[in-house]
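The values are calculated or read from the model by the stated rules, or taken from the named source; none is laboratory data. Small disclaimer: the values here were computed from a predicted structure and weren't measured. Virtual Cβ from ideal backbone geometry, glycine too; neighbours counted across all protein chains shown.
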Amino acid sequence: MNRQSVDVVVIGAGAAGMAAATRMAGLGLRVVLLDEQGSPGGQIYRGITLAPLSRRDLLGPDYAHGNQLAQALASSSVRYEKGASVWQVTRDHQVSYLREGRLYTLDAKAVLLATGAMERPFPIAGWTLPGVMSAGAAQILLKSSGLAPSEPVVLAGCGPLLYLLGWQYLRAGVTIKALVDTTRPEDYWRARRHLFAALRAWPYLRKGLELMRSLRSAGIAHYTGAEQLAVEGDDAARALTFSVSGKAQRIPSRCVLLHQGVVPNIQFSQALRARHEWDLDQLCFRPVTDPWGELDVPGIYVAGDGAGIGGAQAAAVQGQLAALGIAARLKSISSVERDDQARSLRVQLEANLRIRPFLDALYQPKEQNRIPADDVMVCRCEEVTAGELRSFVALGCAGPNQAKSFGRCGMGPCQGRMCGLTVTEVIAKARGVSAAEVGYYRIRPPIKPITLGELAGE
């Protein structure tokens, strides 16, 4: 096994990871940036260094902004390792990863987790059928390969990404049959208390309004307050059904794209047994950090959406703040220098996060779309339904880890990524307790699949 010592390991080359790595390298630290993709950018800026100008134009200026971060990274002294699949991070800062079939271990003085977000599960009837995928996955195909559906699509759910993808599809020439929004009038009333702060973030609001206006101008059927969503089909998607104000609706489509927001990717922080809390606004678990992103595991930091959803611009600022915290910890700068350099960054971060309370209130996913009916699949890998989970609870199952023993729930290839939050909420509802009390899966290495041959160095 190849083993080296470095100052800092950064995991994830998205907005937070690129910004943090570049800043720390500029402060004289030996930084290794690991990412499993073939080019930097993460999910938001996926493929930014490889995308032709036409694709950057199609995806919009926010996507193109990622090129600045990528160029700064390329000009720095950061050792960027692409195609690196990190399968273990220990509490004493050992990072093990697989690259080109070989195992490597880095002994670091500090580790920064910049693993970003993942899409929230959308477990409705028919969500596992061929022809159904998440809006985020569809957007990744568009960013990385310029691929888009060849037949009309239906976009369903809630959140800014749904409208952004719709706008991008319009520019790409994709036919959109309908946009089915689960946001209800009462959501707007709930979000109203955050409107003043949102107005102070007018550029964000304006972008959102422009996306919505573009879709309406294109004559796309737009439904709001949709409930009882389900995908029809036996061997593949055939239609999306739902109701609006008690009236049943059915839209035939062989391509249904679902989305109801994103949540922090907490696999590594959970594996480290770091402290987490249930976020009542974003309805997910998030790691508890200090103002510099440090966990209660000394020397391990989190930056970006992995610490709570804030968006790409906020993530880049958080990455720089974490970089300053690490640099001060490693005596590359003094605490006074750290605080001086952080002052303007804190102002930027506050400005970038003003919109979040409004968005979190407006686009909070509905309980019926988070906690499914008995016949709906929850764990896709092991084919466990919500009804089976509830039967486990009736037999004494107290949480996600016990559910593994009762029915292998969360033990498939995704290691609970696709079902973790749903399992927690289904069990919590069945027991009549909070999600915080139920907790999350106990994540263990390997975080990513690895063969015994690879582990043995063969």
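The test for being touching a helix residue (DSSP H, G or I) at 6+ places or on another chain (Cβ under 6 Å), assigned by TED's automatic domain parsing to the domain that holds Leu73 and not aliphatic (A, V, I, L, M) holds for Gln318.
Could you please find all residues in segment 1-33 being in a strand (DSSP E or B), in contact with a Leu (Cβ under 8 Å, 6 or more places away or on another chain) and of a type outside the set (Gly, Ala, Ser)?
Asn2, Arg3, Gln4, Val6, Asp7, Val8, Val9, Val10, Ile11, Val32, Leu33
If you filter segment 159-176 down to residues that are among the hydrophobic types (A, V, I, L, M, F, W, C) and out of contact with any Gly (no Cβ under 7 Å at 6 or more places or on another chain), you find that the one that is surrounded by the most Cβ atoms within 10 Å (Cβ to Cβ) is Leu162. Would you check which residues across segment 92-132 are among the aliphatic types (A, V, I, L, M) and in a loop (DSSP other than H, G, I, E, B) and list them? Listed by number, the residues that qualify are Ala114, Ile124, Leu129.
Of the residues Ile355, Ile326, only one is hydrophobic (A, V, I, L, M, F, W, C) and either surrounded by fewer than 20 Cβ atoms within 10 Å (Cβ to Cβ) or in the same structural domain as Gly66 (by TED's automatic domain parsing) (or both); which? Criteria check complete, one pass: Ile326.
Taking helices (runs of 4 or more DSSP H) as the structural unit, those lying wholly within segment 418-458 and holding at least 3 residues that are farther than 18 Å from Val263 by Cα correspond to 420-431, 452-455. Answer with yes or no whether Leu147 is surrounded by fewer than 23 Cβ atoms within 10 Å (Cβ to Cβ) and outside any helix (DSSP H, G or I). Yes. Take Lys429 and tell me if it is of a type in the set (Lys, Arg) and touching a Leu at 6+ places or on another chain (Cβ under 8 Å). Against the criterion (of a type in the set (Lys, Arg) and touching a Leu at 6+ places or on another chain (Cβ under 8 Å)), Lys429 does not qualify. Ala70 falls short of the stated requirement of being in contact with a Phe, Trp or Tyr (Cβ under 8 Å, 6 or more places away or on another chain), crowded, with 24+ Cβ neighbours inside 10 Å and in contact (Cβ under 8 Å) with a residue 24 or more places away in the chain. No other residue among Arg91, Arg46, Arg56, Arg30 is surrounded by fewer than 21 Cβ atoms within 10 Å (Cβ to Cβ), in contact with a helix residue (DSSP H, G or I) (Cβ under 7 Å, 6 or more places away or on another chain) and of a type in the set (Lys, Arg) apart from Arg56. Condition check: over 30 Å from Gly225 (Cβ atoms) and modelled with pLDDT of 95 or more. Does Tyr363 satisfy that? Considered against the rule, which asks whether it is over 30 Å from Gly225 (Cβ atoms) and modelled with pLDDT of 95 or more, Tyr363 comes out as no. Scoring Tyr301 on the criteria (1) within 30 Å of Leu142 (Cα to Cα); (2) assigned to a strand (DSSP E or B); (3) more than 17 Å from the chain's Cα centre (by Cα); (4) of a type outside the set (A, V, I, L, M, F, W, C) leaves a single failure, condition (1).
Residues are listed down the side, and each one gets a yes or a no for (1) in a helix (DSSP H, G or I); (2) acidic (Asp, Glu); (3) touching a Phe, Trp or Tyr at 6+ places or on another chain (Cβ under 9 Å):
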site: Leu164; (1), (2), (3): yes, no, no
site: Tyr188; (1), (2), (3): yes, no, no
site: Leu195; (1), (2), (3): yes, no, yes
site: Pro203; (1), (2), (3): yes, no, no
site: Arg206; (1), (2), (3): yes, no, no
site: Leu209; (1), (2), (3): yes, no, no
site: Leu229; (1), (2), (3): no, no, yes
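For (1) of a type outside the set (Phe, Trp, Tyr); (2) at pLDDT 95 or above; (3) within 22 Å of the chain's Cα centre (by Cα); (4) under 13 Å from Ala322 (Cα atoms), each residue gets a yes or a no:
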| position | (1), (2), (3), (4) |
| --- | --- |
| Arg3 | yes, no, no, no |
| Ala13 | yes, yes, yes, no |
| Thr22 | yes, yes, no, yes |
| Gly26 | yes, yes, no, no |
| Arg30 | yes, yes, no, no |
| Leu33 | yes, yes, yes, no |
| Ile44 | yes, no, yes, no |
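For segment 314-335, state whether one or more residues are without any contact (Cβ under 8 Å) to a residue 24 or more places away in the chain, out of contact with any strand residue (DSSP E or B) (no Cβ under 9 Å at 6 or more places or on another chain) and outside any helix (DSSP H, G or I). Yes, that holds for at least one residue. Against the test of being surrounded by fewer than 17 Cβ atoms within 10 Å (Cβ to Cβ) and touching a residue at least 24 places away in the same chain (Cβ under 8 Å), the options Arg213, Arg206, Arg200 yield a single qualifying residue, Arg200. Within segment 295-312, the residues that satisfy the criterion of being farther than 21 Å from Val78 by Cβ and either in contact with a Leu (Cβ under 6 Å, 6 or more places away or on another chain) or surrounded by fewer than 21 Cβ atoms within 10 Å (Cβ to Cβ) (or both) are Asp296, Val297, Pro298, Gly310.
Exactly one residue out of Leu129, Leu112 is over 20 Å from Gln168 (Cβ atoms) and either over 23 Å from the mean Cα position of the chain (by Cα) or surrounded by fewer than 19 Cβ atoms within 10 Å (Cβ to Cβ) (or both): that is Leu129.
Only one residue in Arg338, Arg286, Arg273 is at pLDDT 95 or above, charged (D, E, K, R) and outside the structural domain of His65 (by TED's automatic domain parsing). Which one? None of the other options fit; the residue is Arg338.
Mind telling me which of the residues Leu155, Leu211 ends up being modelled with pLDDT under 95 and under 22 Å from the mean Cα position of the chain (by Cα)? None of the other options fit; the residue is Leu211.
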